[in-house]
Every structure is written in C-alpha cells, then in structure tokens.
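To keep things clear, I will list the structure first and then write my remarks on it.
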Amino acid sequence: MSIPRLQPKSLQSAAADRGGGSGSSAVVRTQRALQILRLLQAGQVWSQQELAVQFNCSTRTIFRDLQLLRECGIPLDTPRGERGVKLSHDFFWQPERPTLDEMTALVVGARMAEETLPAEMQKNLGSALTKLVGSERPAVRQRLSELNMRIDPPHAKSPPALPALDFLPQLLEHIGVQTPVLITTAAETPESPPRELEWILVRLHFGEGQWHLVGMTPQGGQEQSVPLASIVRIGTAAAGDESGRPATATDPTVVQRAESATVPAC
C-alpha cells in the first residue's frame, strides 16, 4: 500500500488559486491548513465548528481549508455517526522536528531525571534519547552527545531544578566547547565588586545542595566551580591587550539574575 504524501509546494499553490491570488493571504491559508493537519494527525475527530473556534475564524473558512487539504491529496474521512473529519488511518505526515533549544532541554531534563526512575525506565529513557539524538545532523548530534556527558546528575531522590536564569540556554551551548566565555558572578559582599572569570566551560555539577558550573582558564590548570545561581551575566571573552589587562566581554548576552537566587559566589 502506498502512503499518501503531502506536497507543501502544491498546498501553497492551491491556496493561492483558491484565494484568488498569491502573497500573504495564501501564506496565511497555507499555515492554517498545516495547523489543521497537525491537529488531525493526533487521530481525533474534529468538527468544523470546533476547528473554527480553535483558529478564531468562520466555519466557511474551515470548510474551504478542508477542501484545500483534500485537493492536495490529504485523505480526510468522515466517520459514520460523527459530525466531523479525521485523517485516514493509512496517512502519515512526519511531524515537525524539535529545534536545537528543544532538544537541549530534552537532553538536560532526561539527564537530571534519570536517577529518579526505576532501572527499566532508565534504560528506555536512554534508548529513546539515543534514537532522537541519532536522527539529528552530525554536528548537532555531536553537540548534544557532548552536552549529555557533561552534566553530572544529582544523587538525590528529588533532584532540584536548575535556577531560572534567562541566559541558561546560551550557557548550555558553551559547555564542552573550547571557546572562552566571560562569566560575571554576584559580589560576595556589598562592598566587593562582582567577579569576572574567563573560563572554558566544562560541565554542570550538583553538590552541596545546589548546581555548580565547572570551568577552567584557557591556559588550563585545575577545574574551578561557582554556584550556577550566583552567575549574573555571560559574554564572549576577548583576548587581553598588550598591557596584560584581563579580557572584557564583547557582544555580551543581556541577562538578568533570577530574583529568588541569593546564593553567594564560592
């Protein structure tokens, strides 16, 4: 049995034809039709009235969108006794791939939660994650695999959440990458200035009841750590000048420390 396939170009072309023209109106119609298709992909029956409420439009607009999908080869069925439509059981449309940020969150979340699961579920979680990461492009696959190895899971029954820092996704992108980053931490006392550390980020580690960022200087040497919640800013480190003054941040990521974070820098 041949499985019907969606042709996005023909969908947009048909949307333009049915809309009497091309441009933004055809794009809007195409986007809405694709969103309807994603809803139907779940296997539920949707009435035109329910779809109209979902997309804040008229039932006549939904009727035209469903006709558009049919014209593009999408097999829509009307189950007996139901007032609505659903996708034919032999149709499959590959869903959207997760973004890099979504995959990063999945890797970090799975790593943090794995020790709270029974052994069999740990195995299944690792297997599922391996399949998802393995389906990515080689560069993304290597990046996610590297990140997975550089998060030390907490040995606790209830792993604490990572601090709610605005720059956390950008920080995770730099872990394991051999590029120096300028880390600014909160002042230890009201009189002392904030600390600036030029580090190569190594991993995240849980210890002493909180998450720590582990790094080392570009010159190497012993690993150091600071509480993750004490970091207030990250930026790209620039090379120091000839006078030997330390590097300063260029093109810094504008960040704000979580209001509830009161952990002092170590």
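Name, by its number, the condition in (1) in a loop (DSSP other than H, G, I, E, B); (2) charged (D, E, K, R); (3) touching a helix residue (DSSP H, G or I) at 6+ places or on another chain (Cβ under 9 Å) that does not hold for Glu115.
Condition (1) is where Glu115 drops out.
When you check Leu213 against the structure, is it touching a residue at least 60 places away in the same chain (Cβ under 8 Å) and either over 14 Å from Pro227 (Cα atoms) or part of a strand (DSSP E or B) (or both), yes or no?
No; evaluated as a whole, the condition is false for this residue.
Being more than 21 Å from the chain's Cα centre (by Cα) and among the aliphatic types (A, V, I, L, M) is the filter; apply it to the stretch 101-129 and report the residue that is modelled with the lowest pLDDT.
Leu117
Collect the residues in the stretch 78-99 that are in contact (Cβ under 8 Å) with a residue 12 or more places away in the chain and either surrounded by 15 or more Cβ atoms within 10 Å (Cβ to Cβ) or at positive phi (or both), keeping them in residue-number order.
Scanning the stretch 78-99 gives Gly84, Val85, Lys86, Leu87, Phe91, Trp93.
Before we move on, is Val255 at pLDDT below 70 and not hydroxyl-bearing (Ser, Thr, Tyr)?
yes
Quick check on my filter: what residues within the stretch 165-186 are free of Cβ contacts under 8 Å to residues at least 24 places away in the same chain and surrounded by 13 or more Cβ atoms within 10 Å (Cβ to Cβ)?
Within the stretch 165-186, just Leu168 meets the criteria.
Hey, among the residues in the stretch 144-163 that are part of a loop (DSSP other than H, G, I, E, B) and under 15 Å from Ala110 (Cβ atoms), which one's modelled with the lowest pLDDT?
It comes out as Pro159.
Have a look at Leu162, Leu201 and point out the one that is touching a Gly at 6+ places or on another chain (Cβ under 6 Å) and surrounded by 13 or more Cβ atoms within 10 Å (Cβ to Cβ).
The unique qualifying residue is Leu201.
With touching a helix residue (DSSP H, G or I) at 6+ places or on another chain (Cβ under 8 Å) and of a type in the set (S, T, N, Q) as the only criterion, which of Asn124, Asn148 stands out?
Asn148
Can you find even one residue in the stretch 181-189 that is in contact with a His (Cβ under 7 Å, 6 or more places away or on another chain) and not aromatic (Phe, Trp, Tyr)?
Within the stretch 181-189 (the criterion being in contact with a His (Cβ under 7 Å, 6 or more places away or on another chain) and not aromatic (Phe, Trp, Tyr)), the answer is yes, since at least one residue qualifies.
Please go through the stretch 126-138 and give me each residue that is surrounded by 11 or more Cβ atoms within 10 Å (Cβ to Cβ) and farther than 21 Å from Leu172 by Cα, ordered by number.
The answer is Ala128, and nothing else.
Of Arg64, Arg141, which residue is more than 24 Å from Thr30 (Cβ to Cβ) and either modelled with pLDDT of 90 or more or surrounded by 12 or more Cβ atoms within 10 Å (Cβ to Cβ) (or both)?
Going through Arg64, Arg141 in turn, just one is more than 24 Å from Thr30 (Cβ to Cβ) and either modelled with pLDDT of 90 or more or surrounded by 12 or more Cβ atoms within 10 Å (Cβ to Cβ) (or both): Arg141.
Yes or no: the stretch 53-60 includes at least one residue that is more than 16 Å from Phe91 (Cα to Cα), outside any helix (DSSP H, G or I), within 31 Å of the chain's Cα centre (by Cα) and modelled with pLDDT of 90 or more.
Checking the stretch 53-60: at least one residue is more than 16 Å from Phe91 (Cα to Cα), outside any helix (DSSP H, G or I), within 31 Å of the chain's Cα centre (by Cα) and modelled with pLDDT of 90 or more.
The values are calculated or read from the model by the stated rules, or taken from the named source; none is laboratory data. Since we're looking at a predicted model, the values are computed, not measured. Backbone-built Cβ (ideal geometry, glycine too); neighbour counts: all protein chains shown.
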